[in-house]
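The values are calculated or read from the model by the stated rules, or taken from the named source; none is laboratory data. Note that the coordinates shown come from a computational prediction; the quantities given were computed from them, not determined experimentally. For neighbour counting, all protein chains shown are included, and Cβ atoms are generated from backbone atoms with ideal geometry for every residue, glycine included.
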Amino acid sequence: MGSKVAKASKHPFDEIADEVLTWLNEEPEYFIEALRGGHQTPFSADVSEAQKMDYYRRQVFMQNPDGSVDFTKPNGEGRDLLIKRVGIKGYTDIMSQVMPNSRNGIRQLPGLEEDDDLGDEDEIGPMIGGY
């Protein structure tokens with residue numbers, strides 16, 4: 001007697017369960033490799049440090065007609081966009097790198113030599129707001 005046994009069909013959730021299981025097995029490997037440095041950050045560009053500096057200088061300073069950066073003219077709109085994108089801490093980090101004549105993160109005043117004495121700190125009056 002050749003009775004035909006109906007082949008048991010898979011439940012629709014079985015396929016979903018298989019996909020979830022595969023994802024759970026493969027996803028940690030992806031992140032482990034990313035932490036090891038094997039992947040580029042999503043939405044990031046592969047640029048050199050010099051290219052980054054040029055981009056950020058143009059973002060925070062206006063440009064001369066010849067395309068060079070004019071450090072005497074701040075780009076207010078660009079700075080506002082930068083603050084919105086990277087936050088205040090990121091903005092201060094970027095500004096400390098792109099400011100001209102920076103020494104130890106402090107912009108040097110024009111005409112002031114490194115060895116010039118600024119006077120005794122006690123002679124300097126209180127700052128606005130009492131700080």
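Kindly evaluate residue 34 against the criterion of being in a loop (DSSP other than H, G, I, E, B) and either in the same structural domain as residue 99 (by TED's automatic domain parsing) or not β-branched (Val, Ile, Thr) (or both). So residue 34 fails the test. Among residues of segment 94-111 being of a type outside the set (A, V, I, L, M, F, W, C) and surrounded by 13 or more Cβ atoms within 10 Å (Cβ to Cβ), the one that is modelled with the lowest pLDDT is 102.
When segment 46-73 is limited to residues that are among the aliphatic types (A, V, I, L, M) and part of a helix (DSSP H, G or I), the one that is surrounded by the fewest Cβ atoms within 10 Å (Cβ to Cβ) turns out to be 50.
Among the residues of segment 56-93, which ones are among the charged types (D, E, K, R) and either within 21 Å of residue 45 (Cβ to Cβ) or touching a residue at least 12 places away in the same chain (Cβ under 8 Å) (or both)? Reasoning before the result, please.
Of the residues in segment 56-93, the ones among the charged types (D, E, K, R) are 57-58, 66, 70, 73, 77, 79-80, 84-85, 89, 93.
Hits for segment 56-93 are 57, 58, 73, 79, 84, 85, 93.
Considering every residue within segment 15-29, establish whether at least one is loosely packed, with under 10 Cβ neighbours inside 10 Å, modelled with pLDDT under 85, outside any loop (DSSP other than H, G, I, E, B) and aliphatic (A, V, I, L, M). No: zero hits.
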